Amino acid sequence: MTEKDFIPSDYQDLRENGSVTWKAPSNIALVKYWGKKGNQIPANPSLSFTLDTSATTTTLSFSKKEDSKDFSFEVKLDGEAKPDFAPKIQTFFERVETYLPFLKSYHFDIDTSNSFPHSSGIASSASGMAALSLCLLDLEWQFSDMDVDHFDKKASFLARLGSGSACRSIKGCMVQWGSHKSMKESTDFFGVPYPYPVDAVFNTFQDTILLVHKGQKQVSSTVGHGLMHGHPFATQRFEQAHQHLDDLAPVLKAGDLDAFIAIVEREALTLHAMMMSSSPYFLLMKPGTLQIIEKIWAYRTEKRVPVCFTLDAGANVHMLYPEKCKVEVLQFIQDELVAHCENGQYICDQVGTGAVKIS
Ligand code: PMV
């Protein structure tokens, strides 16, 4: 498929007004996307677990307006006006207008809320952009023909234009985004559900997110991606991501947890190694991040429990482990790791099945 396939042909009559609500989950990458080209095209393919409880719910209320000169919208978070969200949404609307040509015909009220605490250091851009894309596409669906498969692909395509990793927040349980020679379905334009056999243990995986640092990040993802241009290790890193996807296929099929852990942790540390060797260099891990990682390693060696960590672009630690180890891992967190979490906070999540329509 090409970008042109997402440009709609003629519409029947536009709806006058109404509202639609979607809930979209966050996701955590196993193989990381870091570096992009052109219009939100990833420099390498990535693979993620879709999460379950960490999600954004967005209600889009729409009413047709007289003129269609400009975009018109207001955004609220938990019922409170959020004018500071407007520039990001304006940019998103500009990027997707070709694919949603009705945008300037409506005034939109965008009412959004996150299941995770505000400023928890968990990025809401993936779940937020996925939920908004689903609402807008649902509106298009009300006056145009589209089958479910096209709907899912286009929702992911639109979400990608809002925030790259958001394209992995439409479907579950594992989503791959970015062209990879071994997977014919893969594309840079949208995420696709992982099409190969996966051992049942991975469908039970838990993600306990330890909130090490809840403040604003010093360097945004956008800036970080940009620093991969001219990065001395960029070529090798992008090749490594391709290789890791090849390596993961038999590991996921066999349920080989030791091999899974080795790839996932190498990915997390490589992501941060890229940040630490960018020009200018930067560091998003905090002392608590490293203390937690060392304790996870010691615990795993001593107790032989298959728990590992991964990181996104921040200091928080995602602990990944099979459900059958939940009681003991949560005990370990209570006993040894909460001390490194800001206000002792952590979030219990698990692998999920993707976004859902609420109304
Ligand atoms: O989607 P963005 O632009 O916020 O970038 C996300 C980058 C990472 O979270 C670090 C990795 C990933 O693949 O999700």
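The values are calculated or read from the model by the stated rules, or taken from the named source; none is laboratory data. Keep in mind the model is a prediction, meaning the values are calculated, not measured. Heads up, the Cβs are rebuilt from the backbone with ideal geometry, glycines too, and the neighbour counts pull from every protein chain shown.
One table, with the values for the structure above:
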quantity	calculated
Residue match in the range 12-25 (condition: in the same structural domain as S144 (by TED's automatic domain parsing), farther than 23 Å from V75 by Cβ and surrounded by 13 or more Cβ atoms within 10 Å (Cβ to Cβ))	no
Number of the exception - V305 against (1) crowded, with 20+ Cβ neighbours inside 10 Å; (2) aliphatic (A, V, I, L, M); (3) more than 30 Å from H231 (Cβ to Cβ)	(1)
Matching strands (runs of 3 or more DSSP E) fully within the range 248-359 where at least 3 residues are closer than 30 Å to L60 by Cβ and at pLDDT 95 or above	346-350
Where I110 falls short, out of the listed (1) assigned to a strand (DSSP E or B); (2) within 16 Å of the ligand (Cβ to nearest atom); (3) not aromatic (F, W, Y)	(2)
Residue satisfying condition, being surrounded by 21 or more Cβ atoms within 10 Å (Cβ to Cβ) and more than 30 Å from L137 (Cβ to Cβ), within set L283, L337	L337
Residue within the range 343-353 that is more than 30 Å from L132 (Cβ to Cβ) and touching a Ser or Thr at 6+ places or on another chain (Cβ under 9 Å) present	no
Check on A131, within 16 Å of the ligand (Cβ to nearest atom) and closer than 22 Å to F62 by Cβ	yes
Residue that is surrounded by the fewest Cβ atoms within 10 Å (Cβ to Cβ), among those in the range 204-220 that are assigned to a loop (DSSP other than H, G, I, E, B) and touching a Leu at 6+ places or on another chain (Cβ under 9 Å)	Q218
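Residues checked against (1) surrounded by fewer than 22 Cβ atoms within 10 Å (Cβ to Cβ); (2) farther than 18 Å from G162 by Cβ; (3) in contact (Cβ under 8 Å) with a residue 12 or more places away in the chain; (4) within 22 Å of the chain's Cα centre (by Cα):
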| residue | (1), (2), (3), (4) |
| --- | --- |
| T58 | no, no, yes, yes |
| S68 | yes, yes, yes, no |
| D78 | yes, yes, yes, yes |
| I89 | yes, no, yes, yes |
| A126 | no, no, yes, yes |
| L132 | no, no, yes, yes |
